[in-house]
Amino acid sequence: MHETAQRTVGGCRLTLVQGDLTRASVDAIVNAANPSLLGGGGVDGAIHRRGGPAILADCKRLRTIQWPDGLPTGEAVLTTAGRLAARHVIHTVGPVYGRNPEAPRLLAACHANSLALALREGLRTVAFPAISTGVYGYPVERAAPIALDAIATHLDAHPGAHDEVRFVLFDAATLAAFAAALATLACK
Ligand code: APR
């Protein structure tokens, strides 16, 4: 991975890199899951493939104990990371673009709830993908400012809580969209 942009917000490094999220060596990576929590394609599939069956076993336990009807959009849960370099996986469900007028608020909630969970667990380094911008069809130019603003709001509210929040973006176009959004991120 090569770092391509960075800001400091609330004493935390906010960095953008192009690469494979499953290789990020951080306290937690964030999975763009679906409500079933039973895996899928995209980054969800990559995490389960590389992380192994322990992740799915944790997800099934969460479904049985806490979320029998599935994880609602915008919520976040924590599991083991299995064989991955990361210590944990935070699974969150992004909104499907165009289906729900609440999509911008729900996309922001994915990021805010994932970081609130990381804070509760004392996780200091967290890596996100571009949630909802793949199968769920969210235009990345619209998703990037929502994601970054939600994260900056959390970091400003909790100075010193985290050392790094990183976006690991799979392709150059997604990286460019996030870099443009980071450049215009209002200084809180
Ligand atoms: N590392 C980083 N980013 C990745 C990786 C990876 N290994 N694989 C895919 N991506 C990127 C995609 O290119 C896209 O930019 O993650 C972003 C999110 O795309 P999806 O994984 O399709 O997630 P999303 O759009 O939120 O759709 C979620 O897709 O995989 C299923 O089970 C998942 O039903 C859920 C839906």
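The values are calculated or read from the model by the stated rules, or taken from the named source; none is laboratory data. Given the structure is predicted, the values throughout are model-derived calculations rather than measurements. Cβ atoms come from the backbone with ideal geometry, glycine included; neighbour counts cover every protein chain shown.
Observations, loosely collected:
- Within the stretch 162-176, residues that are touching a residue at least 40 places away in the same chain (Cβ under 8 Å) reach partners that are within 12 Å of the ligand (Cβ to nearest atom) and of a type in the set (D, E, K, R) with beta carbons closer than 9 Å, at six or more positions or on different chains, in the pairs V168/D20; V168/R23; F170/D20.
- Those residues of the stretch 93-138 which are over 19 Å from T22 (Cβ atoms) and small (G, A, S), in sequence order: G98, A103, A108, A109, A112, A116, G122, G137
- Note on the stretch 131-141: residues that are of a type outside the set (A, V, I, L, M, F, W, C) and touching a residue at least 60 places away in the same chain (Cβ under 8 Å) total 3.
- Hits in the stretch 52-98 - residues which are among the acidic types (D, E) and either within 13 Å of A109 (Cα to Cα) or touching a Cys at 6+ places or on another chain (Cβ under 8 Å) (or both): E75
- Looking at the stretch 1-70, the strands (runs of 3 or more DSSP E) lying wholly inside it that each contain 3 or more residues that are out of contact with any Pro (no Cβ under 9 Å at 6 or more places or on another chain), at pLDDT 95 or above and among the aliphatic types (A, V, I, L, M) sit at 12-18.
- The set of residues from the stretch 20-46 being more than 6 Å from the ligand (Cβ to nearest atom), crowded, with 18+ Cβ neighbours inside 10 Å and under 24 Å from D163 (Cα atoms) comprises A24, V26, D27, A28, I29, V30, N31.
- Condition met for A76 (closer than 19 Å to T133 by Cα and more than 10 Å from the ligand (Cβ to nearest atom)): yes
- Within the stretch 152-170, tally of residues that are more than 16 Å from the ligand (Cβ to nearest atom) and in contact with a strand residue (DSSP E or B) (Cβ under 7 Å, 6 or more places away or on another chain): 6
- Taking residues in the stretch 104-130 that are modelled with pLDDT of 95 or more, and partners anywhere that are of a type in the set (D, E, K, R) and in a helix (DSSP H, G or I), the pairs with Cβ atoms closer than 8 Å and at least 6 places apart or on different chains are P104/R142; A108/D149.
- Here T73, T80, T4 are screened, and the one residue that is under 19 Å from Y136 (Cα atoms) and either of a type in the set (S, T, N, Q) or in contact (Cβ under 8 Å) with a residue 60 or more places away in the chain (or both) is T73.
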